[in-house]
1. Counting only heavy atoms of the protein chains, get the accessible area per residue of the stretch 3-312 (1.4 Å probe) and round it to a whole Å² value.
2. Provide, as a two-decimal number, the C-alpha radius of gyration of the stretch 13-71 over 2.2 N^0.38 Å, N being how many residues it has.
3. Sketch the reach of a paramagnetic label on Val288 as a point 7 Å from Cα along Cα-to-Cβ, and name the residues of the stretch 70-89 whose backbone nitrogen lies under 18 Å away.
4. Along each principal axis of its Cα atoms, how long is the stretch 113-159 end to end? Whole angstroms, biggest number first, please.
5. Would you work out the relative contact order for the chain, in percent, from Cα pairs under 8 angstrom that are 6 or more residues apart?
6. How many Å³ per residue does the convex hull of the Cα positions in the stretch 115-242 occupy?
7. Roughly how many Å² of Ile125 are accessible to a 1.4 Å probe, to the nearest 10?
8. Under the Kirkwood approximation for Rh and a Cα-based Rg, what ratio Rg/Rh is obtained for the stretch 3-312?
Amino acid sequence: MNKNKRESTAFMKKVKETNKQGLLFDKLETLQVNLGNICNQTCSHCHIGAGPKGDHIMDEARIEDVMLFLTNNPNLILDITGGEPSMHPQIDRLINFARGITKKIMIRTNLTALVDDKYKHLPEIYKQNKVEIVASMPCFSQENVDYQRGNGTFEKSILALQNLNKIKYGKNENLNLHLVYNPNSAMLPPEQKQLEKDYKRVLQKNYGIVFNNLFTMVNVPLGRFAAFLKKENQYDRYIQILKDNYNPATLDNIMCKNLISVDWKGNVYNCDFNQISNQPIINADSGVVNIRNFNQKDLKKQPIETHEHCFACTAGHGSSCTGSLD
Ligand code: SF4
Ligand code: SF4
């Protein structure tokens, strides 16, 4: 999208009602790397459309591009996502490399992969490298989790959380364990701190599980979640809910001001959601920006690529990869 178009989307017009300059990239703090769409689950809300047949996997050359970028831009937060990033064949190599040159490493996991024989050695590697774990746990009720993420998911997730607690995740100050809640229907999440209290009480009482923070996320109407909404004839209603709940107070902390997202081919986006909707960052020569040639100075004060799905980030309490915003 060229600069003029970037400044004239419905979302950007809404932003300009309170922020005359619109939404501008500020300073790079987080490199989010999407290792691909392979996953052991096929959740109904997945905006990536990931699953066991996923065939978009970041190759070794692209992993090395990421490593070089981290070397040249030290002290960033490295946020590793997928699919299920624990299933990537180079995950331990990337983490071991990044440990000394990043401010923090975060990995997003669906938990169930961590109890699979093939991957259950990984939590120890995460622990050795003080990797922060951000784990999907959309409810503390078996019925709701299994409905959204497939039968048997809840039981495996509880086992994975108990195993993480055993190696001190959620207990030791250097071993943070966060959980992620997202609604299982066309609605906004409840208030984060109150829901966190309920999660902590129920998980501790019923399963002896402790964790650090709960991140509530708004479902973004893309991928499998968009298909689900359309099938249920709820898509337009959901978009309207997002628009009706637009909250300008969320703009100060919106993640795309300080984050870029890299896909399995090394192409760079303002966020994971623009990646899913295939809206990469375009340079002055109209080429797609790749991690090999990305220079944050080129983006400084550039308008961000915004689209209708951006209303998910500003609805209600707002939403980002680390939960609510206001
Ligand atoms: S939502 Fe997460 S766990 Fe579920 S299919 Fe997508 S990537 Fe896998
Ligand atoms: S969807 Fe991405 S680009 Fe749009 S507001 Fe959210 S973080 Fe920013």
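1. 46
2. 1.67
3. Backbone N within reach: 82-83.
4. Sorted from largest, the Cα extents of the stretch 113-159 read 34, 21, 13 Å.
5. Rounded, it is 24 percent for the chain.
6. 121
7. So the heavy atoms of Ile125 present about 30 Å² to solvent.
8. 0.95
The values are calculated or read from the model by the stated rules, or taken from the named source; none is laboratory data. As the structure is a computational prediction, the values presented were derived from the model and not from experiment. Neighbour counts are summed over all protein chains in view; Cβ atoms, including those assigned to glycine, are modelled from backbone coordinates with ideal geometry. Accessible surface areas use protein heavy atoms only, side chains included; no ligands, DNA or RNA. Shrake-Rupley method; radii C 1.70, N 1.55, O 1.52, S 1.80 Å.
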